[in-house]
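The values are calculated or read from the model by the stated rules, or taken from the named source; none is laboratory data. No experiment lies behind these values; they were computed from the predicted model shown. Neighbour counts are summed over all protein chains in view; Cβ atoms, including those assigned to glycine, are modelled from backbone coordinates with ideal geometry. For accessibility, only protein heavy atoms count, side chains too; no ligands or nucleic acids. Shrake-Rupley method; radii C 1.70, N 1.55, O 1.52, S 1.80 Å.
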There are 4 protein chains.
Amino acid sequence: MSNSFGSLFKITTFGESHGKAIGVTIDGCPAGIEVDESFIQSELDRRRPGQSKITTQRKEPDGYEILSGVFEGKTTGTPIALVIRNTDQKSKDYTHIAKSYRPSHADFTYQEKYGIRDYRGGGRSSARETAARVAAGAIAKLALRQLGISTQAYVSQVGELKTEKSYLELDLSKTEDNILRCPDESVADDMINFIDQVRKDGDTVGGVITGVITGTPVGLGEPVFDKLHARLGAAMLGINAVKGFEYGSGFEGAKMKGSAHNDLFEKQGKEITTKTNLSGGIQGGITNGQDIYFNVAFKPVATIMRDQESVDQDGNSTTVSGRGRHDPCVVPRAVPIVEAMAALTVLDFYLLHQSTVLKG
Amino acid sequence: MSNSFGSLFKITTFGESHGKAIGVTIDGCPAGIEVDESFIQSELDRRRPGQSKITTQRKEPDGYEILSGVFEGKTTGTPIALVIRNTDQKSKDYTHIAKSYRPSHADFTYQEKYGIRDYRGGGRSSARETAARVAAGAIAKLALRQLGISTQAYVSQVGELKTEKSYLELDLSKTEDNILRCPDESVADDMINFIDQVRKDGDTVGGVITGVITGTPVGLGEPVFDKLHARLGAAMLGINAVKGFEYGSGFEGAKMKGSAHNDLFEKQGKEITTKTNLSGGIQGGITNGQDIYFNVAFKPVATIMRDQESVDQDGNSTTVSGRGRHDPCVVPRAVPIVEAMAALTVLDFYLLHQSTVLKG
Amino acid sequence: MSNSFGSLFKITTFGESHGKAIGVTIDGCPAGIEVDESFIQSELDRRRPGQSKITTQRKEPDGYEILSGVFEGKTTGTPIALVIRNTDQKSKDYTHIAKSYRPSHADFTYQEKYGIRDYRGGGRSSARETAARVAAGAIAKLALRQLGISTQAYVSQVGELKTEKSYLELDLSKTEDNILRCPDESVADDMINFIDQVRKDGDTVGGVITGVITGTPVGLGEPVFDKLHARLGAAMLGINAVKGFEYGSGFEGAKMKGSAHNDLFEKQGKEITTKTNLSGGIQGGITNGQDIYFNVAFKPVATIMRDQESVDQDGNSTTVSGRGRHDPCVVPRAVPIVEAMAALTVLDFYLLHQSTVLKG
Amino acid sequence: MSNSFGSLFKITTFGESHGKAIGVTIDGCPAGIEVDESFIQSELDRRRPGQSKITTQRKEPDGYEILSGVFEGKTTGTPIALVIRNTDQKSKDYTHIAKSYRPSHADFTYQEKYGIRDYRGGGRSSARETAARVAAGAIAKLALRQLGISTQAYVSQVGELKTEKSYLELDLSKTEDNILRCPDESVADDMINFIDQVRKDGDTVGGVITGVITGTPVGLGEPVFDKLHARLGAAMLGINAVKGFEYGSGFEGAKMKGSAHNDLFEKQGKEITTKTNLSGGIQGGITNGQDIYFNVAFKPVATIMRDQESVDQDGNSTTVSGRGRHDPCVVPRAVPIVEAMAALTVLDFYLLHQSTVLKG
């Protein structure tokens, strides 16, 4: 509890970093969605380790198998089970932490909560689990594509380096043009070089990912606790290493006055729209048809290639050394995860909205 | 859907701003909690309109009545229903928006989503609904008090003005000493004067509330989607006017390196603790026994005492004038709401944690 | 937990028999349903005590008040709260069981589960709680009426006396023509006289209610655990005093051979229908468009007007005497409860079905 | 929706009869349960096809693989994924029903609900799905065993033939002594011969399974909608082919008088117990510590080895011939399914009960 996400499009992920497999079941996928299997793989590839010099060098091909719920290329409305076998685990890398706690990891809290933990590769707390989310998110994206809704994300900050441009000033189709997934070419190289230097120092660094959802109709979101941004925020905060979420004007909005912050309505053609969009596409928790945009803050990866003081299970002092193959910065590989969680959130609200009025 | 919050300690709020009443049902309140009715009233009083010159001047006494679930002063484990009658509605103040949309309010999105809305006072989208959360939160606080857990909050920023002190440097027992609920006396007066000036200008301003949860045992929080901070974030983002949430190092953490960010373990007496707490008391989504602290960003109140361009339901241009009695800044009255949502979140996780292992 | 029923049309009931009030909140009622308040009252009147010589003589007018969720006569999509004040409690009738356990009541189990109980009138375990279900069910019926779906029930058995006619051979519009709510005039009087005799003997008797749901479209029901009849069964078994549920051929079906039991398909006009309906309108958990019919068995009321041996909270032997005003047979007043639970179940599945495919 | 069962011990099954695999994920399994893998296999073997002359002759070894959630032989509190590969599908047996509807099967309703169906072997509507429940139920049984709780079932009726003995008069340890799983040796042979004759006639027959749950503590069950027997009933009614459920006195109880039906309390040693148990171990929806017993009615298997009139997808008349390898009577193989669903239900309530009061 709770390894499930969603109300009507409900996913449950499973699997440990060094167990036999990770995977996901989707209960409530609408029937009749065309399942483009190569698209799912391409999304997994975007999250895969070993894709560039600024990511971990682990080799996980992350091939997947769909066990159920798809017939002759289409979803049937029955549960989709999708499994990704683990293949490149080097569990020996982790024997040193079988009884010791890595700083700012979940070793201590899992041990205390459950009285038992699979320490290999971080077990269930490993970000490897997010591959299952990306696979499920790919299927959600395929459904949203039919509706003209897209969820996109990109790296907007690494350490202190950030793009000064808003998403409206960037060409998001260029996100995949560099290994960082930052569509602002004027800063991407500096960021990449910075990460590379941090890596050589045996250190890690945090960053920010910006997400953009376009094409949503008016009316998605459920007052009062399940405002669209509340669940979207939970979706993002549920990603490993995330420390903050803001949407629309965000924390900057707290500094503003109402006279400057309000989005005035106007009519454009047949549509009621707003002149500005500090609301971030959501008013009263419900989409107003404008773009939804948001920022997600990631802390630096906890595993560093340095010795750190710590304690073991009995509280004795010990030293934990950085081993294994790890990311110096999580954001390049987290871009597809942010997109996936956004897609899962929006699709679920879309289905919920279909029950707002009776269709006779 | 979904006006409910929580898994085991589950509340459902109801009511519109100018309807007969607002209220809440609590399903899953543990049996045997002593219900201090005057404490519940005192919490409602902290949120009540008309409490100072920097809040709305509406007069809502917010007296409440418990209809069920309490017997001889204690909870019985059956649902608690609590009703707060509406008494000071001036619905005439709202006839001008029966068919027009106030900028950055939920008028448009509710109308489009449901095809009908109670426009009086914003109806269901009014922040009046949060009184029901405060009442439920008060009962959660009473339960948490038995466990030595407290949830506190205070105003840390108004517009551009902010305290430079961390919660550790402040005496939170002084939060109620001024009408702003900012325990940093060195900035509170400036903030109050600023809000008062904004009010005189017919404008509004945003702000930030900081929350602190102390006394949690190790082990609260449910991987992977229901990390404690994910649900806490959703709880906060579900409060009206909230645009952002961060915990621990937050957005600042995105700028840092792992070597500086990691919290090293050490043993203090019999307890395993951490030397620093940039994690904000949560690792891998699960409490580690340290303080949980977080920031919540509120946008400026959308209702300003000025004329604003807008459109009506048919898309015709119109002007919306500010009327009624509104807050120039939401944060002073939002402090108890933040505390209430934190209490509801933590208590729910506490109960969930009781099912982590079988008790024979 | 769990005083809620339903997934999308979700009700939560509250209240104790002798507390201030009972009531219900409905979260997820579709917007735009016309709320016929007199119909709701008429449904409550059908369940009300004191309506005839074969029911309890308690006087509970069961007037109700809607606090929220309805605006200008229509539902708004926001939560509906409905409260029924308690008025005719004679709590003194119950002081003798404050510490003693009535046989086959819930006194013992509530006390052991919660460590506390409101003993007055059975507290939360009283069938008085079902009035809230009837009120919520009335609103569900109003929604279903728009869709051409009806849920009806009638008494088909009292003790050993039963109608030999199937629902197809009866005119259900005559159900309300006698105080028993049995549309088979050839047995109704005998049943009524039998109940009256049982009452004079200070005893009680069980019975069976038959339910019929007509007008459902093909496709309602969710495999595999939430088959329509599975949730319908849970709905019925959740009514006080119910000991059994069967639908379609039911327990008789267990005696049959497949060659006799199978419902052969045929085309009638443009519709695919079945020649027989031993399936009871549900195949694979999903409605096939035929009538749904089912039986619900009620045990005899536990409170009898005789002395019974029992024990008190400390396990000491004691005698419990029948006091208060009780029903000699529960089925006449349970008819509207069965209808209400059926309506709540079907409407919820109707809404769920609206999410089976994406509507673009 | 909804292929999940349970609130805290929550399972989600997946898979089609002739797809790659079926399986289950368990979210919320308590940590520290010893996983006896051979026990799980032995439970699957009890449900497996081809086990005797009175079951289908299909050969499905039903070997399984656990992918996650178990470490060094114990559950870790993280999701358990368990997969059973399909191996003996003869999908060609089903091409004749790709566009035709088998009587009293789910072909028609699935097609109409989803607009698409995997017709091979019945797809998702096949009882093959229940193997996943048996596997999950085996893990629940292992958890319950630690608590001294057992769930047992046996065949009590086949067609018109039934045992006249109550469960108290039978030795349930003999259930596995014959291929029917009926511990009453005086009728088992007759029942077996009857099924064999029905099989030779190309026909099928229904039956009844009786379940018994022993060792539950007082206090399991959640008022008011989730009474223990309400969810237990839903669990049973969710099994393929089930038409009815009754517990305790059941439908017989409807004929009785209160003076005969009430279970009088008495003290035995330190325990408060009841002299009789017509309540079936549950009062007010909550266990009272006595045995829980119940009956489940199964209709005859719909696939018969005879030609039957039907229609195709377009409504044209057609003939459906019985093909494939099917059970003449479902009850022998359904015994472990009934036990599994009972175990899943009770364990879930056990965990829920752990949250009834705060543990400080």
Notebook entry, point to check: Applying the selection to segment A:156-175, what residues are touching a residue at least 40 places away in the same chain (Cβ under 8 Å), touching a helix residue (DSSP H, G or I) at 6+ places or on another chain (Cβ under 8 Å) and part of a helix (DSSP H, G or I)?
Noted result: A:T175
Checklist line | Residue satisfying all of: in segment D:243-273; more than 8 Å from every other protein chain (Cβ to nearest Cβ) and not in a helix (DSSP H, G or I); nearest to the chain's Cα centre (by Cα) among these | finding: D:T273
Check: A:V224: outside any helix (DSSP H, G or I) and surrounded by fewer than 23 Cβ atoms within 10 Å (Cβ to Cβ), yes or no?
Finding: no
Next item on the list: Please indicate, with yes or no, whether at least one residue in segment C:41-56 is open to solvent by less than 20 Å² (accessible area, probe 1.4 Å), under 30 Å from A:Q354 (Cβ atoms) and among the acidic types (D, E).
Entry: yes
Notebook entry, point to check: Tally time: how many residues in segment C:288-323 are polar (S, T, N, Q) and in a strand (DSSP E or B)?
Noted result: 7
Notebook entry, point to check: In segment C:227-242, which residues are outside any helix (DSSP H, G or I), of a type outside the set (K, R) and closer than 19 Å to D:A241 by Cβ?
Noted result: none
Next item on the list: Starting from residues that are without any contact (Cβ under 8 Å) to a residue 40 or more places away in the chain and assigned to a loop (DSSP other than H, G, I, E, B), keep the ones in segment B:274-287 and report whichever is least open to solvent (accessible area, probe 1.4 Å).
Entry: B:S279
Checklist line | Subset of segment D:283-313 [facing chain C (nearest Cβ under 8 Å), more than 27 Å from D:T56 (Cα to Cα) and among the hydrophobic types (A, V, I, L, M, F, W, C)] | finding: D:I286
Margin query: Against the conditions (1) touching a Leu at 6+ places or on another chain (Cβ under 7 Å); (2) closer than 21 Å to A:S4 by Cα, where does A:A106 fall short? Just the number, please.
Written below: (1)
Next item on the list: Would you be able to say whether some residue in segment C:181-194 is open to solvent by less than 10 Å² (accessible area, probe 1.4 Å), within 30 Å of A:A31 (Cα to Cα), part of a helix (DSSP H, G or I) and within 14 Å of chain D (Cβ to nearest Cβ)?
Entry: no
Margin query: Criterion first (more than 10 Å from every other protein chain (Cβ to nearest Cβ), crowded, with 20+ Cβ neighbours inside 10 Å and not hydrophobic (A, V, I, L, M, F, W, C)) does A:G77 satisfy it?
Written below: no
Checklist line | Residue selected from segment B:115-155 under the condition out of contact with any strand residue (DSSP E or B) (no Cβ under 9 Å at 6 or more places or on another chain), farther than 21 Å from B:G211 by Cα and part of a helix (DSSP H, G or I), by the criterion farthest from the other protein chains (Cβ to nearest Cβ) | finding: B:G121
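Outside any helix (DSSP H, G or I) and within 14 Å of chain A (Cβ to nearest Cβ) - does that describe any residue in segment D:39-60?
No, that holds for no residue.
Quick one: would you say B:G63 is at positive phi, more than 14 Å from every other protein chain (Cβ to nearest Cβ), in a loop (DSSP other than H, G, I, E, B) and out of contact with any helix residue (DSSP H, G or I) (no Cβ under 6 Å at 6 or more places or on another chain)?
So B:G63 fails the test.
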Notebook entry, point to check: Within segment C:314-360, can you find the residues that are buried (at least 22 other Cβ atoms within 10 Å of the Cβ), more than 10 Å from every other protein chain (Cβ to nearest Cβ) and modelled with pLDDT under 95?
Noted result: C:D327
Checklist line | Tally, over segment A:11-21, of residues that are touching a residue at least 24 places away in the same chain (Cβ under 8 Å), within 18 Å of A:G69 (Cα to Cα) and not aromatic (F, W, Y) | finding: 2
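Please pick out the residue among C:G238, C:G207, C:G219 that is touching a Ser or Thr at 6+ places or on another chain (Cβ under 7 Å), at the interface with chain D (Cβ under 8 Å from one of its Cβ atoms), crowded, with 20+ Cβ neighbours inside 10 Å and touching a residue at least 40 places away in the same chain (Cβ under 8 Å).
C:G219
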Check: Just for segment B:80-101: of the residues that are surrounded by 18 or more Cβ atoms within 10 Å (Cβ to Cβ) and within 14 Å of chain A (Cβ to nearest Cβ), which one is modelled with the lowest pLDDT?
Finding: B:I97
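With respect to C:G32, determine if the residue is out of contact with any helix residue (DSSP H, G or I) (no Cβ under 7 Å at 6 or more places or on another chain), surrounded by fewer than 23 Cβ atoms within 10 Å (Cβ to Cβ) and within 30 Å of A:G219 (Cα to Cα).
Yes: the conditions hold for C:G32.
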Margin query: Looking for something closer than 26 Å to B:A230 by Cβ, of a type outside the set (D, E, K, R) and over 21 Å from the mean Cα position of the chain (by Cα) - is there at least one such residue anywhere in segment B:289-306?
Written below: yes
Check: Which condition does D:S104 not pass, out of (1) at pLDDT below 95; (2) on the phi > 0 side of the Ramachandran plot; (3) among the small types (G, A, S), if it passes all the others?
Finding: (1)
